[in-house]
Amino acid sequence: QVRLVESGGGLVQPGGSLRLSCATSGITFSNYFMSWYRQAAGMERELVAAITDTGGWKNYADSVKGRFTISRDNAKNTVYLQMNSLKPEDTAVYYCKGVYVDTYWGQGTQVTVSS
């Protein structure tokens, strides 16, 4: 059974930091192109960051460049999203996605940035 489980979300003040994790099982994680998406209330889901199977290439949405960092640990079958200098507009449900032959999504974790 394939599982992608996000964790690390929560409530944080503007300017704060959070580190999201997406732990996977049931897949050969090192084959997978991994990405983080987010969906704010009433909005479409959008790509936040992506990373290749080896971690050699990363890409970010313009809105998070310089503040967010995607990384992965293939030994732990986990992808991370370090989020710094958080803004209220970063409030959303954050999802991880894995793509290889098939595509899998996690269930999401809520991030709320508010004072």
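Name the single residue that is nearest to Ala75 (Cα to Cα) among those in region 1-54 being aromatic (Phe, Trp, Tyr) and under 11 Å from the mean Cα position of the chain (by Cα). Quick ask: steps written out before the conclusion?
The initial filter retains those residues of region 1-54 that are aromatic (Phe, Trp, Tyr), namely 29, 32-33, 36-37.
Next cut, under 11 Å from the mean Cα position of the chain (by Cα) only: 36-37.
On the way: Trp36: 19, Tyr37: 23 Å.
Ranking the candidates gives Trp36 first.
In the list Ser17, Ser25, Ser35, Ser71, which residue meets the criterion of being of a type in the set (S, T, N, Q) and in contact with a Cys (Cβ under 8 Å, 6 or more places away or on another chain)?
Values: Ser17 fails: in contact with a Cys (Cβ under 8 Å, 6 or more places away or on another chain); Ser25 fails: in contact with a Cys (Cβ under 8 Å, 6 or more places away or on another chain); Ser71 fails: in contact with a Cys (Cβ under 8 Å, 6 or more places away or on another chain).
Sole residue among the options that is of a type in the set (S, T, N, Q) and in contact with a Cys (Cβ under 8 Å, 6 or more places away or on another chain): Ser35.
Is there a residue in region 94-105 that is open to solvent by 30 Å² or more (accessible area, probe 1.4 Å), in contact with a Lys or Arg (Cβ under 9 Å, 6 or more places away or on another chain), hydrophobic (A, V, I, L, M, F, W, C) and farther than 12 Å from Leu18 by Cβ? Give the derivation first.
First, the residues of region 94-105 that are open to solvent by 30 Å² or more (accessible area, probe 1.4 Å): 95, 97, 99-105.
Among the residues that remain, those that are also in contact with a Lys or Arg (Cβ under 9 Å, 6 or more places away or on another chain) are: 95, 103-105.
Of the ones still in play, those that are also hydrophobic (A, V, I, L, M, F, W, C) are 105.
Next cut, farther than 12 Å from Leu18 by Cβ only: 105.
The answer is yes, given that some residue of region 94-105 is open to solvent by 30 Å² or more (accessible area, probe 1.4 Å), in contact with a Lys or Arg (Cβ under 9 Å, 6 or more places away or on another chain), hydrophobic (A, V, I, L, M, F, W, C) and farther than 12 Å from Leu18 by Cβ.
Which one is farthest from Gln13 (Cα to Cα) among residues in region 71-103 that are of a type in the set (A, V, I, L, M, F, W, C) and assigned to a loop (DSSP other than H, G, I, E, B)?
Once the filter is applied, the top-ranked residue is Val101.
Give me the residue from region 47-70 that is of a type in the set (S, T, N, Q) and either outside any strand (DSSP E or B) or over 19 Å from Gly16 (Cα atoms) (or both) and, out of that set, most open to solvent (accessible area, probe 1.4 Å). Even if it seems obvious, please write down each step before you answer.
At the first step, the residues of region 47-70 found to be of a type in the set (S, T, N, Q) are 52, 54, 59, 63, 69.
With the extra rule that they be either outside any strand (DSSP E or B) or over 19 Å from Gly16 (Cα atoms) (or both), the set shrinks to 52, 54, 59, 63.
Numbers: Thr52: 30, Thr54: 111, Asn59: 64, Ser63: 61 Å².
Looking at the filtered set, the residue picked out is Thr54.
The values are calculated or read from the model by the stated rules, or taken from the named source; none is laboratory data. Values in this document were obtained by computation on a predicted structure and should not be read as measured data. Glycine gets a Cβ as well: all are built from the backbone with ideal geometry, and neighbour counts include every protein chain shown. The protein model used for the area step is the full one, side chains on, heavy atoms only, and it has no ligands, DNA or RNA in it. Shrake-Rupley method; radii C 1.70, N 1.55, O 1.52, S 1.80 Å.
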